[in-house]
Amino acid sequence: MKTILVFAFLLVFAGAVLAQEKPIVIETKNTALVYKQGFGNKLVQVYYGEKLKNAADYEMMNSRNEAYKPAGLDNLNEPAIRMVHNDGNPSLALNFVSSEVIVENENVKTTMIVLKDDQYPVEVKLFFKTYFNEDIIENWTEIKHNEGKPVMLTNFASSMLSFKAREYWLTQFHGDWDKEMIMEESQLTSGIKIIDSKLGTRANKFQAPLFFLAMNNQATETTGDVIAANLAWTGNFQFVFEIDELNSLRLVAGMNPFASEYYLKPGEVFKTPEFIFTFSSNGKGQASRNIHQWAQKYRVLNGEGNRLTLLNNWEATYFDFNEDRLVELFDGGKKLGVDLFLLDDGWFGNKYPRSNDRAGLGDWQETKEKLPHGIGYLVEQAEAKGIKFGIWIEPEMVNPKSELYEQHPDWILKLPNRPENLSRNQLVLDMANPEVQKFVYDMVDQMMTKHPQIGFIKWDCNREMTNAYSAYLGEKQSHVYIEYVRGFYKVMEDLRTKYPELPIMLCSGGGGRTDYGAMKYFTEFWASDNTDPLNRIYIQWAYSYFFPANTICNHITSMGKQSLKFKTDVAMMGKMGYDIRVEEFTPEELAFSQQALKDYARLKEVIWFGDMYRLVSPYEESRAALMYVSEPKDKAVLFCYNINAYREKITNPVKLQGLDPDKKYEVKEINIQQRGDGRRPPFGGNSTRVYSGDYLMKAGLEIRVGRGDLSSNVYEISEVQ
Ligand code: GLA
């Protein structure tokens, strides 16, 4: 026994010594992130970029950029970590101790690097989980100490990365309610640029927790060195980009330290969320495809599984419905051919019925007046009509006009001695409080236990945190932003243990909560309350940089004056659904939509799981084009949107990507019945034409546009022998 232990010790020790001499190379198929032991036992990052052919070449690299730079000693820049010890000493010295690789399988490995302070009993572990084929690295940190009393952490980054380039170009995504994911690119200048959120809940209403960073030059879809990154955290985040006096860039990414000093108990492990990134030397398109593949395979709940098409009643009825009206709407869904009917807001509350957004939130019992026979009856009726039933909830929130508010005032985040600050007439429940967590879990669990046939949930979160104060946290108010998110994850984790398969759509007053921390528990997300298809092209385009098509819910609604065809063509590029009064469709519109759903069922595998290529950006031209190509390159779907024919005559062909140049493809336009814009059928009167892959990628396809300002085309592209 003793010999084995000694042998094991020697092995670990040998590993540590080896790691000290050799660089620590964290590799994926095409990239490498390299660390070394620098001057004075410090861990330094020497490289991140395209993998070198010869691993020995990394030994020549040097750098002064400390890997996870602490505050308090000689650091003059933004720190990764800052800790105040029991004796008041506000410094950390992180020395390299060891590194090891934990192998999960051929594709997934984790490199763990241990750093320790030589004067204080503090240990920081850096983790780099690599997904080899997808070129993805997940980076997080675990912080632990063994002092007598809690230490105070004021900074706790998930990741710190450094870069050396001539120029740095940042692409960020910002917006507001109804205006999600506006893309903006700018060159970073010396000093600090911060992208962050202090909103707590609905955290990315203004800034999304993701970005591209291009080195030297701006990256295009197909060229340039670029990093695509995001933080898996459904709360306050912060990305700091600091260009120093030597023009090197340090990126510090993690939870936002704003108002969040954390008192870490001895022995407790403080785990930061994962910062997830990929590097591409072939531009943004490849970076997106890396993220899509990783997300579907490893992150999104049931990422590689099926999704349900649905008919939602929000825009069709808002709060104005009753049992009979809903049952009528089921017929519409059935006629259309969708899988599921989704009942939205407005079904609950009795003392304070939810007939508008001013009352009832928190009281999750069916309103007797509207739904005298309850959810059970609705589920039965839907089933009898051959359609599944899904339901909207917003369990983290409360209206002051509710029984929940009256019964549990201490469950609500609100400041003592200050007036309540309402937004959409509601307040946020304190998810840091285990009693609130139990309430939220029980609410969903009881509903699902009573009605196990419920086939879908839409989980909403319609406001951010303001005047945030947790009665439960008492003196530790600065933990509120972090513990809220941890509480939310705890509930989702427990629900997912019991209901691992149930599809749940993540919604947050539109797309205010789209991040990969939450997407572990959700199958899809609502991108925006803005369903005008013209705006939607931009919104969906921007989400496509970071999220795969089967996660982005696109609904055809009555918003916008565009044709049903245009709306359908836009919704089809992701997870298609409807939120419209089907009974108001003309017979032609109904037939068109039925056919579109059938075509979608045939093509959804390619759209959801194919490789996505963005071909023409609506930010650059008055049109947009993107396509999905199946892995064996035998099937593709091409979406083209002409968004301003009046202003510009566009005749240049759209060059396709991702096809096999040696294959022959039949190109067939679909969704043509409702075009109604006077265009002749494409391809000189024929419904299809055969091209070589080489032709389609080099010469391109001429897209005929309609007469109006807005027209669109969808093409099914299939290999022919
Ligand atoms: C939010 C959602 C909408 C709808 C309403 C209901 O705004 O984004 O889709 O569910 O809430 O109140």
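Quick notes on this structure:
- Subset of the range 83-102 that is surrounded by 14 or more Cβ atoms within 10 Å (Cβ to Cβ) and either among the polar types (S, T, N, Q) or within 22 Å of residue 245 (Cα to Cα) (or both) - its residue that is nearest to the chain's Cα centre (by Cα): 99
- Spans of strands (runs of 3 or more DSSP E) in the range 181-298 with at least 1 residues of a type in the set (Phe, Trp, Tyr): 207-215, 237-243, 262-264, 275-280
- Of all residues in the range 25-78, those being open to solvent by less than 10 Å² (accessible area, probe 1.4 Å), over 31 Å from the mean Cα position of the chain (by Cα) and over 23 Å from residue 242 (Cα atoms) number 1.
- Residue within the range 456-478 that is within 16 Å of the ligand (Cβ to nearest atom), touching a strand residue (DSSP E or B) at 6+ places or on another chain (Cβ under 6 Å), hydrophobic (A, V, I, L, M, F, W, C) and open to solvent by 10 Å² or more (accessible area, probe 1.4 Å) present: no
- Of the candidates 538, 578, 516, 521, the single residue that is open to solvent by 10 Å² or more (accessible area, probe 1.4 Å) and touching a helix residue (DSSP H, G or I) at 6+ places or on another chain (Cβ under 7 Å) is 521.
- Subset of the range 221-236 (residues that are hydrophobic (A, V, I, L, M, F, W, C) and more than 14 Å from residue 160 (Cα to Cα)): 226, 228, 232, 233
- Single residue of the range 589-607 satisfying the filter (out of contact with any strand residue (DSSP E or B) (no Cβ under 7 Å at 6 or more places or on another chain) and within 23 Å of residue 534 (Cβ to Cβ)) that is most open to solvent (accessible area, probe 1.4 Å): 589
- Among the residues of this structure, residue 133 counts as one that is at pLDDT 95 or above, within 24 Å of the chain's Cα centre (by Cα) and outside any strand (DSSP E or B).
- Taken over the range 618-649, the criterion of being crowded, with 17+ Cβ neighbours inside 10 Å and farther than 16 Å from residue 603 by Cβ is satisfied by 618, 622, 623, 624, 625, 641, 642, 643, 645.
- Residues (open to solvent by 10 Å² or more (accessible area, probe 1.4 Å) and away from the ligand (no atom under 16 Å from the Cβ)) located in the range 305-319: 305, 306, 308, 309
- Test: residue in the range 165-176 that is assigned to a strand (DSSP E or B) and either in contact with a helix residue (DSSP H, G or I) (Cβ under 6 Å, 6 or more places away or on another chain) or not assigned by TED's automatic domain parsing to the domain that holds residue 75 (or both): yes
Results for (1) farther than 26 Å from residue 144 by Cα; (2) modelled with pLDDT of 95 or more, shown as yes or no for each residue.
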{"residue": "4", "(1), (2)": "yes, no"}
{"residue": "7", "(1), (2)": "yes, no"}
{"residue": "19", "(1), (2)": "no, no"}
{"residue": "47", "(1), (2)": "yes, yes"}
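One line per residue, one yes/no per condition, for (1) more than 16 Å from the ligand (Cβ to nearest atom); (2) open to solvent by less than 60 Å² (accessible area, probe 1.4 Å); (3) more than 15 Å from residue 546 (Cα to Cα); (4) of a type in the set (D, E, K, R):
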| residue | (1), (2), (3), (4) |
| --- | --- |
| 176 | no, no, yes, yes |
| 192 | yes, no, yes, no |
| 197 | yes, yes, yes, no |
| 204 | no, yes, no, no |
| 223 | yes, no, yes, no |
| 230 | yes, yes, no, no |
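- Meets criteria (farther than 30 Å from residue 446 by Cα, out of contact with any Asp or Glu (no Cβ under 8 Å at 6 or more places or on another chain) and either buried (at least 24 other Cβ atoms within 10 Å of the Cβ) or not assigned by TED's automatic domain parsing to the domain that holds residue 200 (or both)) for residue 496: no
- Boolean, residue 182 is touching a strand residue (DSSP E or B) at 6+ places or on another chain (Cβ under 7 Å) and surrounded by fewer than 20 Cβ atoms within 10 Å (Cβ to Cβ): yes
- Residue within the range 205-219 that is under 29 Å from residue 64 (Cβ atoms) and touching a helix residue (DSSP H, G or I) at 6+ places or on another chain (Cβ under 7 Å) present: yes
- Selection within the range 500-526 - in a loop (DSSP other than H, G, I, E, B) and touching a Lys or Arg at 6+ places or on another chain (Cβ under 8 Å): 503, 507, 509, 512, 513, 516, 521, 523
- Positions within the range 546-573 being part of a loop (DSSP other than H, G, I, E, B) and surrounded by 24 or more Cβ atoms within 10 Å (Cβ to Cβ), in sequence order: 546, 547, 548, 572, 573
- A residue that is touching a helix residue (DSSP H, G or I) at 6+ places or on another chain (Cβ under 6 Å), in the same structural domain as residue 291 (by TED's automatic domain parsing) and under 30 Å from residue 292 (Cβ atoms) can be found somewhere in the range 135-142.
- Helices (runs of 4 or more DSSP H) (entirely within the range 320-424) containing at least 1 residues that are within 16 Å of the ligand (Cβ to nearest atom) and open to solvent by less than 10 Å² (accessible area, probe 1.4 Å): 323-336
The values are calculated or read from the model by the stated rules, or taken from the named source; none is laboratory data. This structure is a prediction, so every number in the text was calculated from the model and none was measured. Counting neighbours? That spans all protein chains shown, and the Cβs are built from the backbone with ideal geometry, glycine included. Accessible surface areas use protein heavy atoms only, side chains included; no ligands, DNA or RNA. Shrake-Rupley method; radii C 1.70, N 1.55, O 1.52, S 1.80 Å.
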